[in-house]
Amino acid sequence: MPPDSASAIPRRPETAAPERPGLVELFVAFAKMSLAGFGGVLVWARRAIVDQHRWMTPEEFNEAFALCHFLPGPNIVNLSVVFGARFRGIPGSIAAFLGLVGPPVVIVTVLAAIYARYVEIPALQRTLAGVSCAAVGLFLAVIARMMMPLLKRRDPVALALLAAVFVAIGLLRLPLVPVLLIAIPLSVVVAFILRRRGAS
């Protein structure tokens with residue numbers, strides 16, 4: 001083979017890692033999420049962070065959201081703070097938080113005044129019922145997408161823990177806090193043991 005023939009072989013272009021978002025980009029991204037998030041921002045947050053900007057992989061998003069889910073406060077607000085801090089530290093947390101919370105506060109304040117005045121109108125009540133159904137559908141859709149990484153890995157232990165927590169809270173109606181106080185340490189111990197076995 002001639003010496004320069006190797007350089008003539010076309011190489012597969014490497015996928016460049018996405019650039020870290022700046023403060024303005026963080027604010028705008030989370031503002032768009034909050035303004036689009038009828039029925040909940042989680043659907044749009046995952047779509048923007050994972051699918052559109054590719055700032056996180058599906059597994060990283062699930063791990064970050066799981067952490068935020070077990071912290072005090074609204075899950076999506078916790079996610080904005082954690083996500084902003086990951087890329088831009090404390091200023092990033094503030095920018096993402098203000099983008100998430102700022103626009104809805106203004107809109108909800110105006111709508112609350114309108115709702116208090118016209119709450120008895122039947123057309124408004126039917127509209128709100130339809131919006132509630134759409135919100136449930138969006139929530140179920142994002143749950144299905146977040147479960148895909150677990151299903152693809154086919155980890156029987158993770159799926160068993162997932163099913164056990166669902167049965168305990170969703171079907172048996174056990175209190176949330178005691179279930180989580182048992183499930184979280186158990187899942188951490190199981191993951192630690194399995195990782196040690198895999199490394200050995």
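What to note about this one:
- Alpha carbon convex hull of region 23-118, volume per residue in cubic angstrom: 96 Å³
- Placing dummy labels 7 Å off each Cα toward the beta-carbon, the span from Ile143 to Val108 is 2.2 nm.
- Kirkwood hydrodynamic radius over Cα pairs of region 154-199, then Stokes diffusion coefficient at 37 °C and 0.692 mPa s, in µm²/s: 291 µm²/s
- Look at the alpha carbon pairs under 8 Å that are at least 6 residues apart: their mean separation over the length of the chain gives a relative contact order of 21 percent.
- Relative contact order [Cα under 8 Å, 6+ residues apart], region 23-118, whole percent: 36 percent
- Once the chain from Leu172 to Glu19 is taken as fully extended at 0.36 nm per residue, the excess over their C-alpha distance is 50.5 nm.
- Along the chain, the exposed loop sites are chymotrypsin sites (Phe, Trp or Tyr not before Pro) outside DSSP states H, G, I, E and B with at most 16 other Cβ atoms within 10 Å, and the longest stretch free of them is 71-200.
- Excluding exposed DSSP-loop GluC sites (Glu not before Pro) (at most 15 other C-beta within 10 Å), longest clean stretch of the chain: 20-119
- Extension gain, Ala66 back to Ile182 (0.36 nm per residue minus Cα-Cα distance, nm): 40.2 nm
- Averaged per residue, region 80-200 has 72 square angstrom of accessible surface, using a 1.4 angstrom probe with ligands and nucleic acids left out.
- All-pairs Cα distance distribution in the chain, expressed in whole percent, bin size 10 Å: 7, 24, 28, 23, 10, 4, 2, 1, 0
- The loop-placed trypsin sites (Lys or Arg not before Pro) in region 96-200, going by DSSP, that have at most 13 neighbouring Cβ atoms within 10 Å of their Cβ come out as Arg154, Arg173.
- FRET efficiency, Arg195 to Gln125 (Cβ-Cβ, R0 41 Å, nearest 0.05): 0.20
- Helical mean residue ellipticity (222 nm; -39500 (n - 2.57) per DSSP H run of 4+; nearest 500) of the chain: -25000 deg cm²/dmol
The values are calculated or read from the model by the stated rules, or taken from the named source; none is laboratory data. Everything numeric here is computed off the predicted structure, so don't read it as measured data. Note: ideal-geometry Cβ built from the backbone for every residue, glycine included; neighbour counts use all protein chains shown. Side chains included, ligands, DNA and RNA excluded: accessible areas come from the protein's heavy atoms. Shrake-Rupley method; radii C 1.70, N 1.55, O 1.52, S 1.80 Å.
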